Amino acid sequence: MTTATMTEAKTGRGNIAALMTALLAACVAFQLNASMLSPALVTMGQELKTDQAVIGLSQTWFFTAAALFSLFLPRLSDIVGRKKVLVGMMLLMAVGSVIAALAPDVTWLFVGRIIQGVSGPTVPLCLIMLRSAVSNPRKYGTLMGLITAVNGGVAGVDSFVGGYFAEHFGFRSIFWLMVVLAVAATALIMFLASESKPAAGTRMDWLGVFFIVVAVGALLTALNEAAKLVGGFSAATLMLSLALVLVAAVAFFAFWRTEQRAAQPMVETLHLRQRSTWAPLLTTTLTMTGIFAVINGIVPAYVQAASPGFGVGPTEMSLIILTPYALLGWLVGPISGRLAPVLGYTKVLRIGLLGSIAALALIAFLGLNSLPLMIAGTVLLGIMYAGTVNIMLNGLGVVLSPAGNPGFLPGMNAGAFNLGAGLSFLILPAVLVATAALGDAKASYLTVVVVGLALTVAALAASLLIPKPVEAEVAPAEAAPAEVAR
C-alpha cells in the first residue's frame, strides 16, 4: 500500500469533484491576488500619491512574504490540519485585501500586501491535499496539471481584468474583488474539502522555522538590494547586500545545527542530503533564473521598444505575447500532468526543458528580427515551460517529499521558485545594462536571452540528477523496484 493510499484510508476519499472545485477556487483566488495588480501599478501610484519605485516595493514584499510563509506552512498543515491551515490562509488573504482596499497611504498598502503573502503556499498545499485524496497516479497527474496550470496565470485574463477594474473603478476595486474571491474560496474549502493531518501529535520545530525564515528572508532581501545596483553603483547598497548574504549563511548554518539536535526537527538533515531533495530544488532555481525574467520582463520590453524592438503598445503586447503564453499553459498543463505518471515525471520535465531551450533559441536568434517568430517563440515557451516544466517541478515537490514529512519539500520548492525569480530579475537585467554600454541594443537583448538559454541548459543538466518518483508512476508489469532512488 502506498503512502498516498494509507493517508487516503485515514481521511476518506470524499467527493473528488467537490474537492477540486474548492482547491481550484483557492488557487484562482491566490493567482489573481498575485498577478491582477500588475497592470494597475501606475494607477496605484497616482491614487496613493507616490512613485512607481515605492509601489513596486509593495509587490516585492508580497512575494517575499509569500516565499517565507511557504517554507513552513505546509509542514504546519501536516501537524494541525491541511484544511484548517488553507482556510486560515484564505481568511488572511481576505483580511489583507480589505486593509489594502481601505489603505489611506502606501504604508497601509504594504501592511495589506504582506498579510496577503500568508497565502503564498496555496498551490503546493492544494497539491498535497489532492495527493492524499487521489491514489490513482494517472488521475492525480491530470488533476495536478489542472491545479498547477493556474499558477502560470488564469488563462491570460487576470491582467486584463486588473487593468479594466483599475481604469474604470480605481485600484481599490481590485482588492474588493480579491475579498469576494477569498471569501468564496474559504466557504468552498470549509464545506467541500476533508481534513487530513498525517503528523498529528508532532511538535512544530519553531526554532528551525525561525532560522530558515531568517536565512531565506535575508537572501531574498539581498537580491532585491543587489538589483538596485543595475541602475547605478552604490557602495552602501553593495555593503548591505553582502551583509545580508552573510546573515543568510549564518542563519542557514544555525538551521542545520538546530535540525541535527532537535528531537522532532522541521526536516531531518538526512533528507537535505538526498538527491530527491536538493536536485529538484536546484533544477527549480536554475529554471526560474533562466526563464522568468525573459518572459515577464525582457521580451515584453523588447516588443514594446520602438528601437530595436517592434514599437507595439502595452495592450497589444499583452494580447499577442502574454495572453497566448498563459492560455497555452492553462490548456497544456492537464495534458502534461496526465502524461507524467505514464512516461515518467522526470522524462516529461526534460522534454519540457528541451522545448524551453528551443523556444529561447527561437526568440534569441530569430524572434528579435521578426515579430511573428517572436510570437512563435513565446507560444512554444507557453507550451513547454508554463504548461510542462512548471507543472512537473511543482508535482515533483509533492511526489518526492519524504513519507514522514510530506509538507517539507513542497514548501522548500515554493521557496526555490521565488529565489529563482529574484535571481532572474537580478542577473538578466544586469547583463542587459552591462552590454548596453557596447552601443548595440539588439546585441544586448540577444546576449540576455542567450544567458537565459545557458541557465536553462544548466537546469536540464541538473534535472538528470532527479530520481524517479516510482510510487507516483504507472510502472511496467516487469518493473521490480518499488523504492524511489535516493
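Each peptide among 186-192, 123-129 gets the average number of other Cβ atoms lying within 10 Å of its residues, and from highest to lowest they stand as 123-129, 186-192.
Compute the Cα gyration tensor for the range 150-281, then decide on rounded, prolate or oblate, letting a ≥ b ≥ c be the square roots of its eigenvalues: rounded whenever a/c is under 1.5, prolate when a/b is larger than b/c in the other cases, and oblate in all that remain. Taking the square roots of the gyration eigenvalues as a ≥ b ≥ c, the range 150-281 is oblate. Where does helix 206-227 land angle-wise versus the long Cα axis of the chain, in degrees 0 to 90, nearest 10? In the chain, helix 206-227 runs at an angle near 20 degrees to the longest axis. From most to least packed by mean Cβ count within 10 Å, the peptides 211-222, 290-301 give 290-301, 211-222. Shown for the range 242-296: the carbon plus sulfur share of the solvent-accessible area, taken with all protein chains present and a 1.4 angstrom probe, equals 68%. Considering only protein heavy atoms and a probe of 1.4 Å, how much of the accessible area of the range 357-434 is carbon and sulfur, as a whole percent? Of the solvent-accessible surface of the range 357-434, carbon and sulfur hold 80 percent. With respect to the chain, whose longest principal axis is taken over its alpha-carbon atoms, helix 16-35 is tilted by about 30°. If you sort MET89, MET239 by accessible surface, 1.4 Å probe, largest first, the order is MET239, MET89. Between the Cα long axis of helix 323-343 and the first principal axis of the chain there is an angle of about 30°, rounded to the nearest 10.
Could you tell me which of rounded, prolate or oblate describes the range 223-357, using a ≥ b ≥ c as the square roots of the eigenvalues of the alpha-carbon gyration tensor, with rounded for a/c under 1.5 and, failing that, prolate when a/b is larger than b/c and oblate otherwise? Oblate, since a/c reaches 1.5 and b/c is not below a/b. Within a straight-line Cα-Cα reach of under 16 Å, LYS442 cannot be paired with any lysines, leaving aside sequence neighbours fewer than 8 residues apart in one chain.
Taken per residue, the accessible surface of the range 154-255 reaches 51 Å², heavy atoms only and a 1.4 Å probe. Note on ALA249 and VAL54: with the Förster distance fixed at 25 Å, the Cβ-Cβ geometry gives a FRET efficiency of about 0.25.
For LYS347, a cut-off of 27 angstrom between C-alpha atoms picks up these lysines, skipping any fewer than 8 places away in its own chain: LYS139, LYS468.
For the chain, the square roots of the Cα gyration tensor eigenvalues, ordered a ≥ b ≥ c, give a/c below 1.5, which places it in the rounded category.
Highest average first, the peptides 334-347, 62-75 ordered by how many other beta carbon atoms sit within 10 Å of their residues are 62-75, 334-347. Each of LEU102, GLY387, SER70 was scored by the projection of its Cα onto the charge dipole of the chain, and the greatest displacement toward the positive side belongs to SER70; charges sit on the C-beta of Lys, Arg, Asp and Glu. Cβ-Cβ distance of GLN264 and LEU465, R₀ of 35 Å, FRET efficiency by 1/(1 + (r/R0)^6): the value works out to about 0.75. Rounded to the nearest 500, the 222 nm mean residue ellipticity of the chain from helices alone is -24000 deg cm²/dmol, with -39,500 (n - 2.57) taken per DSSP H run of at least 4 residues.
Across the chain, Cα pairs under 8 Å and at least six residues apart give a relative contact order of 22 percent.
The values are calculated or read from the model by the stated rules, or taken from the named source; none is laboratory data. Small disclaimer: the values here were computed from a predicted structure and weren't measured. Counting neighbours? That spans all protein chains shown, and the Cβs are built from the backbone with ideal geometry, glycine included. What goes into the accessible areas is simple: the full protein's heavy atoms, side chains included, and nothing from ligands, DNA or RNA. Shrake-Rupley method; radii C 1.70, N 1.55, O 1.52, S 1.80 Å.
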